[in-house]
1. Consider T194 against the criteria (1) under 16 Å from L95 (Cα atoms); (2) β-branched (V, I, T); (3) in contact with a Leu (Cβ under 7 Å, 6 or more places away or on another chain): it satisfies all of them except one. Which criterion is unmet?
2. How many residues are outside any loop (DSSP other than H, G, I, E, B) and open to solvent by 70 Å² or more (accessible area, probe 1.4 Å) when one looks only at segment 419-448?
3. Could you name every one of the strands (runs of 3 or more DSSP E) located completely within segment 332-418 that has at least 3 residues being among the small types (G, A, S) and on the phi < 0 side of the Ramachandran plot?
4. So, in segment 181-194, of the ones that are closer than 22 Å to L85 by Cβ and open to solvent by 40 Å² or more (accessible area, probe 1.4 Å), which residue ends up modelled with the lowest pLDDT?
5. Out of G363, G368, G413, report the one residue that is under 30 Å from V285 (Cβ atoms), in contact with a Phe, Trp or Tyr (Cβ under 9 Å, 6 or more places away or on another chain) and among the small types (G, A, S).
6. Any residue in segment 6-27 that is open to solvent by 20 Å² or more (accessible area, probe 1.4 Å) sitting within a Cβ distance under 7 Å of a residue that is assigned to a loop (DSSP other than H, G, I, E, B) and of a type in the set (S, T, N, Q)? List the pairs, counting only those 6 or more apart or interchain.
7. For segment 121-161, give me each residue that is open to solvent by 60 Å² or more (accessible area, probe 1.4 Å), of a type outside the set (D, E, K, R) and in contact (Cβ under 8 Å) with a residue 12 or more places away in the chain.
8. Quick one: count up the residues across segment 35-78 that are touching a Phe, Trp or Tyr at 6+ places or on another chain (Cβ under 7 Å) and either open to solvent by 30 Å² or more (accessible area, probe 1.4 Å) or hydrophobic (A, V, I, L, M, F, W, C) (or both).
Amino acid sequence: MNVVILAAGMGKRMQSDLPKVLHPLAGKPLLSHVIDTARSLSPVRCCVVFGHGGDAVPRTLAAEDIDFVLQQPQLGTGHAVMQALPLLQDDQPTLVLYGDVPLTTPATLQKLLRAAGTDKLAVLTVNLNDPTGYGRIVREHHRIVRIVEQKDASDTERSIREVNTGILIAPTRQLKAWLSNLSNDNAQGEYYLTDIIARAVASGVAVESAQPDFVWETLGVNSKVQLAELERIHQHNIARELLEAGVTLLDPARIDVRGKLVCGRDVEIDVGCIFEGQVNIADKVKIGAHCVIKNAHIASGAVIKPFCHIEDAVVGANSQIGPYARLRPGTELAEDVHIGNFVEIKNSQIAAHSKANHLAYVGDATVGARVNIGAGTITCNYDGANKFRTIIEDDAFIGSDSQLVAPVTVGKGATLGAGTTLTKNAPPDSLTVSRARQISIAGWQRPVKQKK
């Protein structure tokens, strides 16, 4: 099929300079959700009709499989679809979606496609207790004959609860003919796409309908309030899927997934955690409260204690991280590594059974197995212009409050005394100490505050 996604609206009620369809839902633009759904249907052509915001929409979401078409000026939904007509294949039906309706599922669209078959027009409709503001589905003898917009509806028509979602599929050759005859003689002075329903009926084309499994699949975003409401619906759906897959969520209402989260068996996630990008969590992992984890792999049995930030990192099996630890991009931890409170690791590889339990910075370093890094230790990896690497070999012991000025190597089994500033390589199996001589001054008087 062809897919046309309408994304030209300004979104005045969003109170933002950002085009409405670029506002994020679960960490990605509303329009991206719709494009991903369209791609799942394997269309032969996918066109996005944009307008407000200049080229911000195509610039942000440019892709080889998406055609962007400008609607200028914006004269209604029918006019918007007209802009895409030259790109559509006549022998394929055309599905119309909306860039601000992000939660429609592929399963619902497949139902709509089946209703349309090869030669019918099919509309996605929904029954609402309060249909105010929606176009009403007008039926005669149970058959759809037209759609009337709220502002043009009579009192009788306004009492109809079945409404138009705007999503439809139609034979493309007929769609082009129907659109060419649209009129803007209505309360809005616009070319309504919904007017093609009456055109189809007049030309003898059957009009069918399908309904979604859930009303929220058809909800659009016109304000920050509605955006927040859809965010909660979406996160609830994700939480439910995780629970059904066996993940323990201590409070399903307090988790945010802004990407894809894949969990193994017996995973436990405490409250307030945020997962961004692609996160893979293996079996028997425990994630403490209020962690932020982005593009990371957490191996089996690992424990991530509360308030940790992990980004573009790998955590090995049975490792313990945190609380209040930060693993920055390029961090790779082997099995049974302990990274404690207020420890930051960046672009470093740490081998099995090594520990940095408190108040340390390890950047641009290669750390061997069974290494102990004492509190207050830092690798001095940056000279203000260039980054250099620190190598700490197996079984080394780094005393507290040490500074390792890269490039430097600590040999296997070496010990650095507390307070050492290492500027030369430390030989293996030796104690290296670098500190000033300690002195005591008898009779020294501490200064006192001068009276004013």
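The values are calculated or read from the model by the stated rules, or taken from the named source; none is laboratory data. The structure presented is a predicted model; accordingly, all values stated were derived computationally and were not measured. Cβ atoms come from the backbone with ideal geometry, glycine included; neighbour counts cover every protein chain shown. In case anyone asks, the SASA skips ligands and DNA or RNA and just uses the protein heavy atoms, side chains included. Shrake-Rupley method; radii C 1.70, N 1.55, O 1.52, S 1.80 Å.
1. Every listed condition holds for T194 apart from (3).
2. 1
3. Ranges flagged: 355-363.
4. Q188
5. Answer to the selection: G363.
6. Close Cβ pairs satisfying both conditions: R13/N222; R13/S223.
7. Here is the first cut: in segment 121-161, the residues open to solvent by 60 Å² or more (accessible area, probe 1.4 Å) are 127, 129-130, 132, 134, 139-143, 146, 151-152, 155-156, 158-159, 161.
Now drop any that are not of a type outside the set (D, E, K, R), which leaves 127, 129, 132, 134, 141-142, 156, 159.
If the condition is that a residue be open to solvent by 60 Å² or more (accessible area, probe 1.4 Å), of a type outside the set (D, E, K, R) and in contact (Cβ under 8 Å) with a residue 12 or more places away in the chain, then N127, N129, T132, Y134 are the ones that fit.
8. 7
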